[in-house]
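Reviewing the structure listed below.
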Amino acid sequence: MSAWVLPDHIADVLPSEARHIEELRRSLLDTARGYGYELIMPPLLEHLDSLLTGTGEALDLQTFKLVDQMSGRMLGLRADTTQQAARIDAQLLNRRGVTRLCYCGPVLRTWPDRPHVSREPLQFGAETYGHAGREADLETLELALACLEVAQVRTACVDMADIRIVRSLLEPVQLDESGQRAVYAALAAKDASELASLSRDFPAASREGLRALPQLYGDGAVLDEARRVLPATAAIGVALDDLKWLANRVAGARLSFDLADLRGYAYYSGAHFAVYAHGASDAVAKGGRYDAVGAAFGRRRPAVGFGLDLKQLVGIVPARGLRGAIRAPWADAADVRAAVAALRQAGETVVCVLPGQESEVDEFLCDRELVSVGGEWVALAL
């Protein structure tokens, strides 16, 4: 084996893909800025307890760990940026009102979360802190869809759910952590027989509600059916009201609902969504409400946000055309150097042909050439 073979699910990004990713990154950050989100740049490396506090076992298993040679403390390479954004909101900014933050940077994971993906995603995310209302949930979903539209993603469906429904059904039941996991796994697999076995001793309302959940998926009619078959608890009523309110205000996207969807059950605290697109095997954006995210840092602020992987996006969106460039001769003469400098200052790409060697580039469409005309250096079409 070559010494230069990279680890599994780790890859170099070569010029064409790198250009496309960078253009996407800039356009998504500009889109978030248009909504009033402020850019942050958390470090890739942080004390492990800060990265993992309150995140649950899943993120712990996904985090690379090492020892700080300066302090002797355990460090982690971030596998997700959300905790860092919450720490910044709670500990550094410490604002009283609404704070909107966005970020874009690499994260590292010990295992790929699905087949054929990188263990080094380039994570773009946006988080809103300090607003508990569904208006913030709607803004988050609208921003996610706006970002995908800017990236030219062909959105197929927005799938919505609310963790409060399952939690309300389980509230009267005294379950330990392993029991909860078993119920969540049966719901996620829509395993009716296993769910029936696990819930046979539950209170009748909880038992019947849990057994109904695997069938509660589809279009907007699911919400009406849920009101009919689920217990009329306050939490379930609010959750269904919020999903209906959000659905009525999301324009231009096909919506579906899966009330047994429990992805991120240890993380989300309310409505959450996943956006699916043509050409992608998994959701291209995921988000929702996670009000407890900042509690570990001393501020239990309402929070809602979403994230996506630019490396995943670049594989399903149309390639972007090359920008025109100017080919110029390399010369030591002051007039040539001045002409090249002026073009670059004006925003042009000028590729100088080094003496005796033609440049080999794939990323610049040299459609003009710098030539001398009447003693003046001008760019003429090739």
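The values are calculated or read from the model by the stated rules, or taken from the named source; none is laboratory data. Given the structure is predicted, the values throughout are model-derived calculations rather than measurements. No Cβ is skipped: glycine too gets one built from the backbone with ideal geometry, and neighbour counts run over all protein chains shown. Side chains are part of the model used for accessible areas, which takes the heavy atoms of the whole protein and leaves out ligands, DNA and RNA. Shrake-Rupley method; radii C 1.70, N 1.55, O 1.52, S 1.80 Å.
I'd like to verify a number: residues in region 341-369 that are of a type in the set (A, V, I, L, M), under 14 Å from residue 329 (Cα atoms) and open to solvent by 50 Å² or more (accessible area, probe 1.4 Å), how many? Total meeting the criteria: 2. Among the listed residues 309, 367, 291, 332, which satisfies the condition of being among the charged types (D, E, K, R), farther than 24 Å from residue 106 by Cα and in contact (Cβ under 8 Å) with a residue 60 or more places away in the chain? Unique residue meeting the criteria: 291. State yes or no: is residue 291 in the same structural domain as residue 80 (by the TED database), buried (at least 16 other Cβ atoms within 10 Å of the Cβ), closer than 27 Å to residue 59 by Cα and under 22 Å from the mean Cα position of the chain (by Cα)? Taking the combined requirement at face value, the residue satisfies it. A residue that is touching a residue at least 60 places away in the same chain (Cβ under 8 Å), within 25 Å of residue 98 (Cα to Cα) and basic (Lys, Arg) occurs nowhere in region 4-22. For first residues located in region 63-91 and over 22 Å from residue 40 (Cβ atoms), partners that are at pLDDT below 95 and part of a helix (DSSP H, G or I) and lie 6+ apart or on another chain with Cβ distances below 7 Å form the pairs 65/48; 74/48.
Just a yes or no: is a residue in region 201-215 touching a residue at least 24 places away in the same chain (Cβ under 8 Å), in contact with a strand residue (DSSP E or B) (Cβ under 8 Å, 6 or more places away or on another chain) and either at negative phi or in a helix (DSSP H, G or I) (or both)? No: region 201-215 contains no residue that is touching a residue at least 24 places away in the same chain (Cβ under 8 Å), in contact with a strand residue (DSSP E or B) (Cβ under 8 Å, 6 or more places away or on another chain) and either at negative phi or in a helix (DSSP H, G or I) (or both).
Restricted to region 1-93, the set of helices (runs of 4 or more DSSP H) holding at least 3 residues that are out of contact with any Phe, Trp or Tyr (no Cβ under 8 Å at 6 or more places or on another chain) and open to solvent by less than 70 Å² (accessible area, probe 1.4 Å) comprises 15-34, 48-52.
Select, from 213, 169, the only residue that is buried (at least 17 other Cβ atoms within 10 Å of the Cβ) and within 28 Å of the chain's Cα centre (by Cα). Of the residues listed, the single one that is buried (at least 17 other Cβ atoms within 10 Å of the Cβ) and within 28 Å of the chain's Cα centre (by Cα) is 213. Residue count for region 150-166 satisfying the condition of being more than 22 Å from residue 271 (Cα to Cα) and either out of contact with any Gly (no Cβ under 9 Å at 6 or more places or on another chain) or surrounded by fewer than 16 Cβ atoms within 10 Å (Cβ to Cβ) (or both): 4.
Taking only region 335-358 into account, find how many residues are assigned to a loop (DSSP other than H, G, I, E, B), without any contact (Cβ under 8 Å) to a residue 12 or more places away in the chain and under 44 Å from the mean Cα position of the chain (by Cα). The number of residues fulfilling the criteria is 4.
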